[in-house]
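Structure, as structure tokens:
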Amino acid sequence: MRPRYHILVIILITVVLTSVVSAAPDPTVIFQQRWNQYDQLVANGAASRSWTWGPVPITHAMIEHYFVPETYEWHDRQVQYFDKGRMEILDLAGDTANLWYVTSGRLPIDLMLARTGHGLDAFPNQWQDSYITAIGDPNRFPTYLDLQPLYESPGQPRPDHLNQPATDILDPNLHISHFADYAADPATILREGLNGHLVPQAFVDFMNQQGPTLRDDRRVSGRIYDPLYVFGMPMTPAVWVRAQVGGVLRPILFQVFERRVLTYNPANPPAFQVEMGNVGAHTYDWLTNPDSKREFDYAPTDGTRMVATQDPMVIYTVEMDVQFTEPPMHVQDTAVYRIYRSLDGGQTRELRYTGNLGPACWSSLSVTLLPPRNPQADPGRIGLLTYCAQNPSYSRGFGGTVYSSYDGAQTFFIRGEG
């Protein structure tokens, strides 16, 4: 009988050990450990630097269902949102000792390119704009969509800019102009970076800074960040922008990386001149707040007339002349549309823009003025939705294109196509 008891004891021990080994890690504990590493000393005043994640999480640890466009598959991940980013665990059964067990989402890219796999639709809505201010006070220029034209992966070679100050500035009309106010500032000198981009010295120093962190609850000193892990590769050039910060218009040098947005504000105290943008809070707002998803109202009551909410004396109207084919062949019809602006409530008007539609389109030629969803939008802000733009590839579909203008319908920039 005794051998049987020995076997039973061995079986019980094996079951207990297997249960202990197979127990999945608690994501809340793992995320807290990563936060402690970078931000605990900042929170208690033992380190003088800007936040890596933020003072507190803005959500609890949760399971997020997400869509992978490359494979057309849905997956689950453990996530927690912070002001500065999103912690995520893709495989709970992975090696918790591996630095990359917890990753940080490519949130700036999603926001800038307006991509999301959230929701029930396996083919995410092409018009899910990320109409959220990227730098500075809310509801101001620039939004993440305004940064979209800067996206370059890999970056274009700029050997003449190497070791020179950053002097490009993004204007509200989305044009790049020259800005040399800080050309003598050594923090703006462009250095060789990854992915074909040049990176300002201020950001190079920030990403490689030394200081105290916590490792296994022990204070250690050394390099704070693994730059590729925390920031990722740069995805835009370093560009200045005049952004409203605390109600004051200031020049800010910024650069979008895979996982973070870095800003350099010369007016801040030295320890806080370089900061990470709030991409985590912005992404969470984008995913949960319908008002942040769309820059424009895509179903206006009257698409031929728009009154600016900030200044009702500013009125836009659109007129369209269609050239029908003989005999009637709607796919060969063409049209010219004209957008007018009035600054005196409609008493007088001026032609601001002329565009063409068709041919080669199976749907009806149409053009619609789109008012901004933000009631505080500048009177020069206006959107446009056209069908059957001049592109032969649209002959197999509707050819809808959304445009945006900052300068009162004088110039337009493509926001999305479908």
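The values are calculated or read from the model by the stated rules, or taken from the named source; none is laboratory data. Keep in mind it's a predicted model, so treat the numbers as computed, not measured. Heads up, the Cβs are rebuilt from the backbone with ideal geometry, glycines too, and the neighbour counts pull from every protein chain shown.
What to note about this one:
- Test result for Thr283, under 20 Å from Leu385 (Cβ atoms) and out of contact with any His (no Cβ under 7 Å at 6 or more places or on another chain): no
- Comparison of Asp121, Asp95 shows that the only residue that is at pLDDT 90 or above, in the same structural domain as Arg34 (by TED's automatic domain parsing) and acidic (Asp, Glu) is Asp95.
- Failed item in (1) at pLDDT 85 or above; (2) more than 17 Å from Arg294 (Cα to Cα), with Leu111 passing the rest: (2)
- Close pairs from segment 323-349: first assigned by TED's automatic domain parsing to the domain that holds Pro379 and in a loop (DSSP other than H, G, I, E, B), partner exposed (fewer than 15 other Cβ atoms within 10 Å of the Cβ) and at pLDDT 95 or above, Cβ under 7 Å, at least 6 apart: Leu343/Met313; Asp344/Met313; Gly345/Met313
- Asp285 vs. criteria of a type outside the set (Lys, Arg), exposed (fewer than 13 other Cβ atoms within 10 Å of the Cβ) and either closer than 18 Å to Pro142 by Cα or touching a Ser or Thr at 6+ places or on another chain (Cβ under 6 Å) (or both): no
- Meets criteria (surrounded by 15 or more Cβ atoms within 10 Å (Cβ to Cβ), part of a loop (DSSP other than H, G, I, E, B) and assigned by TED's automatic domain parsing to the domain that holds Phe82) for Thr236: yes
- Segment 152-164: number of residues that are within 25 Å of Met112 (Cα to Cα) and either touching a strand residue (DSSP E or B) at 6+ places or on another chain (Cβ under 7 Å) or surrounded by 13 or more Cβ atoms within 10 Å (Cβ to Cβ) (or both): 5
- Residues that are assigned to a loop (DSSP other than H, G, I, E, B) and of a type in the set (A, V, I, L, M), drawn from segment 285-316: Ala299, Ala308, Met313, Val314
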